[in-house]
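Structure first, commentary second.
The values are calculated or read from the model by the stated rules, or taken from the named source; none is laboratory data. Bear in mind the structure is a predicted one, so any value in this text is a computation, not a measurement. Reconstructed Cβ throughout: ideal geometry from the backbone, glycine too, with neighbour counts over all protein chains shown.
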Amino acid sequence: MSIISSSWRQAPIALASALALAVFQLAISTSANARDLSIPSTKALQEVVDEAHAKFKDLQEGKNADYIPILATIPSELFGIVIVMRDGTTYTAGDVDYAFAIESTSKPFTAALVI
């Protein structure tokens with residue numbers, strides 16, 4: 001069963017939000033008790049990261065932000081996903097050795113805390 005549903009492709013949701021939701025859904029689906037949101041297994045989390053990367057890596061929609069001139073010069077084909085757990089365990093896929101500016105990627109996580 002795919003954790004990342006096909007409807008996410010059409011939804012106006014940032015990838016970071018979609019990925020965070022996928023990890024949350026995985027935590028719920030692997031938990032015996034809905035109130036016990038334990039961290040999913042290492043293998044399961046890496047599979048979510050790999051699936052998200054495979055699903056979204058070929059998107060060509062949109063354009064680089066150009067309100068800060070340097071952002072317009074970043075190669076658009078680069079795409080990487082990194083999740084770092086509190087214990088330092090890291091899950092990666094794609095172009096993770098390139099130093100990306102994170103800009104507004106924290107907004108979905110802040111929204112998740114508020115909701």
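Overview of results
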item	result
Tally, over region 67-101, of residues that are more than 14 Å from L45 (Cα to Cα) and β-branched (V, I, T)	5
Those residues of region 43-67 which are in a loop (DSSP other than H, G, I, E, B) and either loosely packed, with under 10 Cβ neighbours inside 10 Å or acidic (D, E) (or both), in sequence order	D58, Q60, E61, G62, K63, D66, Y67
Residues (β-branched (V, I, T) and part of a helix (DSSP H, G or I)) located in region 68-104	I70, T73
Top-ranked residue in region 83-115 [being at pLDDT 85 or above and under 15 Å from the mean Cα position of the chain (by Cα); ranked as surrounded by the fewest Cβ atoms within 10 Å (Cβ to Cβ)]	T90
